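> The structure that follows is given in the form of structure tokens.
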Amino acid sequence: MADLRVREFGLEFANPVVVSSGPTGFGPILAETVDMRRIGAFTCKTVTRKKREGNPPPRLVDCGYGIIASIGLQNPGIEEFVRETLPSADAFGTRLIVSIAGFCLEDFAQMASLLETVHGFDILELNLSCPNVESGLMNPSEDPRCAGSIVAEVKKHFASRPVTVKLSPESLPQDTFIRSCESSGADGFTLFNAYHGARFDINTGRPFLRRTEGAYSSPALKPIVLKKIRDARHVTDRPIIATGGASTAEDILEFILAGASLVGFGLVGMIDPEALEELPLHLERCLEARGFVSLDEYCRYLRRTAEHGR
Ligand SMILES: Cc1cc2nc3c(=O)[nH]c(=O)nc-3n(C[C@H](O)[C@H](O)[C@H](O)COP(=O)(O)O)c2cc1C
């Protein structure tokens, strides 16, 4: 069987499949159907300093070719998360990524300090891109320096493990955001969160979502995200967890071709959890069908081909 191991962030992953933050919550239900050890990494739903109930319903609308979600960072707050949730997630037996968001620098500082003292996870993800919280959340989609200052603040308090920054695909200019975070100490990037979207009911004239807009996730976004990953790869050589529109094993190879180090799967985990477990198996078959014994060999082949093509 093809060897799928990936070494990024100074860590070894069993394979490049990363379950993205949110759609499968903190993972206990997913772990009932899926052998989590077969997934490269699991990202916990984003946690804030204080508990949040999230947005009022309706907060999900189907688009036929994707969904718009407006959950609004529902979570138990960092202290309960560390006490109650993290230990069960640690038991999944895969790499674990903890995701945090904050309303001020002090939120980030406090959460980072607490997490520095806690074992049982491998990477800290800073969600600087939640499209679903109306007021006050630090979502610096127009201010790259603000994104950099959050990274710098977190790095002051959290030095034991790598920090990845999750940006919005709408944070522009993308290269300035990446450079600002990188020069402030980001160890890698999770690119991207979802795009803003909305849908309206033509019978009632009202929006389907209580908050009107939400986060649009869809396989239809894959080509747009692929292009943005390629652009990002020209700006940074740090690891990129490419996220947005991936749904198959072939997509993993396509995202790697664009510059991804690991590949995030959000919506797939929500609509077909068992597919997550199948992805590494399908990836092995994809590589074997092309005559490769490992993902590493495939990546080296791509680099050689790219060099010859120059
Ligand atoms: C229901 C739902 C909840 C989400 N919650 C979070 C979250 O808490 N934190 C976060 O960083 N991203 C969250 N996301 C965004 C996903 O992690 C991912 O970036 C996005 O869905 C794009 O990937 P996909 O095309 O594979 O779904 C959420 C997405 C969905 C659909």
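> If you bin every alpha carbon distance in the chain into 10 Å steps from zero, what whole percent lands in each bin?
Reading upward from the zero bin: 6, 28, 37, 22, 6, 1.
> Along the charge dipole of the chain, which of 81, 47, 197 sits closest to the positive end, that is, farthest toward it, with unit charges on the beta carbon of Lys, Arg, Asp and Glu (+1, +1, -1, -1)?
197
> Can you give the helix-only mean residue ellipticity at 222 nm for the chain, where every DSSP H stretch with n ≥ 4 adds -39500 (n - 2.57) and the sum goes over all residues, rounded to the nearest 500 deg cm²/dmol? Show your work: numbers first, answer last.
Values: 10 runs with 108 residues, N = 310.
Result for the chain: -10500 deg cm²/dmol, rounded to the nearest 500.
> I'd like to check one number: the per residue accessible area of the stretch 1-74, probe 1.4 Å, reported in Å² as a whole number.
45
> Counting only C-alpha contacts under 8 Å and six or more residues apart, can you give the relative contact order of the stretch 247-310 as a whole percent?
Working: 27 pairs, mean separation 19.7, N = 64.
With pairs under 8 Å counted, the relative contact order is 31 percent.
> Turning to a different aspect of this structure: Separation of the stretch 21-88 and the stretch 231-288 by C-alpha centroid, Å?
Between the Cα centre of the stretch 21-88 and that of the stretch 231-288, the gap is 20 Å.
> On average, how much accessible surface per residue is there in the stretch 105-227, in Å², for a 1.4 Å probe, leaving out ligands, DNA and RNA? Write out the running numbers ahead of the final one.
Numbers: 5320 Å² over 123 residues.
Result: 43 Å² of accessible area for each residue.
> Here is a further query. When all C-alpha to C-alpha distances in the stretch 185-310 are sorted into bins of 5 Å, what percent of pairs does each bin hold, rounded to whole numbers?
Final binned percentages: 2, 10, 17, 18, 18, 14, 8, 5, 3, 3, 1, 0.
> Then there is this: Could the peptides 159-167, 276-284, 115-123 be put in order, highest first, of the mean number of other beta-carbon atoms found within 10 Å of their residues?
Averaged packing, sorted descending, gives the order 159-167, 276-284, 115-123.
> When you count, for each residue, the other Cβ atoms within 10 Å and take the mean per peptide, how do 71-81, 193-203, 242-252, 14-24 rank with the highest first?
Peptide ranking by packing, descending: 14-24, 242-252, 71-81, 193-203.
> Could you work out what % of the accessible surface of the chain is carbon and sulfur, using a 1.4 angstrom probe and leaving DNA, RNA and ligands out of the count?
51
> Could you run the Karplus curve 6.51 cos²θ - 1.76 cosθ + 1.60 with θ = phi - 60° over the stretch 163-175 and give me ³J(HN,Hα) per residue in whole Hz, x for Gly and Pro?
Values, residue by residue: 10, 10, 10, 9, 9, 7, x, 9, 7, 10, x, 4, 5 Hz.
The values are calculated or read from the model by the stated rules, or taken from the named source; none is laboratory data. Quick caveat: nothing in here was measured; it's all calculated off a predicted structure. Backbone-built Cβ (ideal geometry, glycine too); neighbour counts: all protein chains shown. Just so you know, the surface numbers come from the protein's heavy atoms only, side chains and all, with ligands and any DNA or RNA stripped out. Shrake-Rupley method; radii C 1.70, N 1.55, O 1.52, S 1.80 Å.
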